[in-house]
1. For Phe36 paired with Glu16, estimate the spin-label separation in nm (one decimal), with each label point 7 Å from Cα along the Cα-to-Cβ line.
2. Say we join alpha carbon atoms closer than 10 Å with springs in a Gaussian network model of the chain; which of Ala95, Ala17, Ala103 then has the biggest fluctuation?
3. Given a Förster distance of 41 Å, report the FRET efficiency between Asn64 and Ile159 from their Cβ-Cβ distance, rounded to the nearest 0.05.
4. If you put +1 on each Lys and Arg Cβ and -1 on each Asp and Glu Cβ, how big is the dipole of segment 4-71 around its Cα centre, in Debye rounded to 20?
5. Hey, with R₀ at 35 Å, roughly what FRET efficiency would Arg76 and Glu7 work out to, going by the Cβ-Cβ distance, to 0.05?
6. Considering amide H positions built from the backbone, and no H for Pro or chain starts, which residues 5 or more places from Tyr34, or on another chain, come under 5 Å of its amide H?
7. Taking the Cα centre of the chain as the origin and placing charges on Cβ (Lys, Arg +1; Asp, Glu -1), which of Ala125, Gly85, Ala73 is farthest toward the positive end of the dipole?
8. List the relative contact order of the chain as a percent without decimals, with contacts defined as Cα pairs under 8 Å and 6+ residues apart.
Amino acid sequence: MALPLGEAGIREIPNEAAVLSEMQSNIGEQTGLYIFPGPGVGKNATRQEKNEAMKHVGEKMAANPSGLLMYHAPGRPFTLGKWLGTEFGTELLEAILVVFLLAQTRIVSFAGRVGFVLVAGILAAITTNVSYWNWYGFPCVYTASYVLIQIVGFFLVGIVAALLLPKRAPAA
């Protein structure tokens, strides 16, 4: 990864070959997002069955490893250029949208404009990152790093926008 922050909180699986073999044997071609331990009911379970199973999830989590697994069946191509392009496009769209929102305001001061974009960045940064930390146990260092990356990015967009957007007269 380009920045060390992009690797914060991420580790490789020890004895990866054995783990990959077991995943392929048990999950096979079923690409998806998996949570473990699961409640142990099928997707057609009734509300009552789901509620009953949820009573025991805490016990299963206390006695077993738990986590979230994004699994791709074998054969997914490694397309770093495409992934980087998608990331760039997403972040460019975020910047365009926040600058559009800023342009709709009557904020004229440099600090006010930067502050507006910075607050939008804080909102963007905590929207999913804190929820993933809370619900799925994402590592604190991972969460803090990705929140920081977002906030710094929006701060820089705020500086550029504050310098480039035309000044408007304050509302009377």
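Any read-out appearing in this document is the output of simple, stated calculations on the displayed coordinates, not a laboratory observation. What you are looking at is a predicted structure, and each value in this text was computed from that prediction instead of being measured. We place every Cβ from the backbone using ideal geometry, glycine too, and count neighbours over all the protein chains shown.
1. The answer from the label model is 1.8 nm.
2. In this elastic network of the chain, the residue with the biggest mean-square fluctuation among Ala95, Ala17, Ala103 is Ala17.
3. 0.30
4. 380
5. My answer for the efficiency is 0.95.
6. Hits under the 5 Å cutoff: Leu69, Met70, Tyr71.
7. Of the listed residues, the answer is Ala125.
8. Normalised by residue count, the contact order of the chain is 26 percent.
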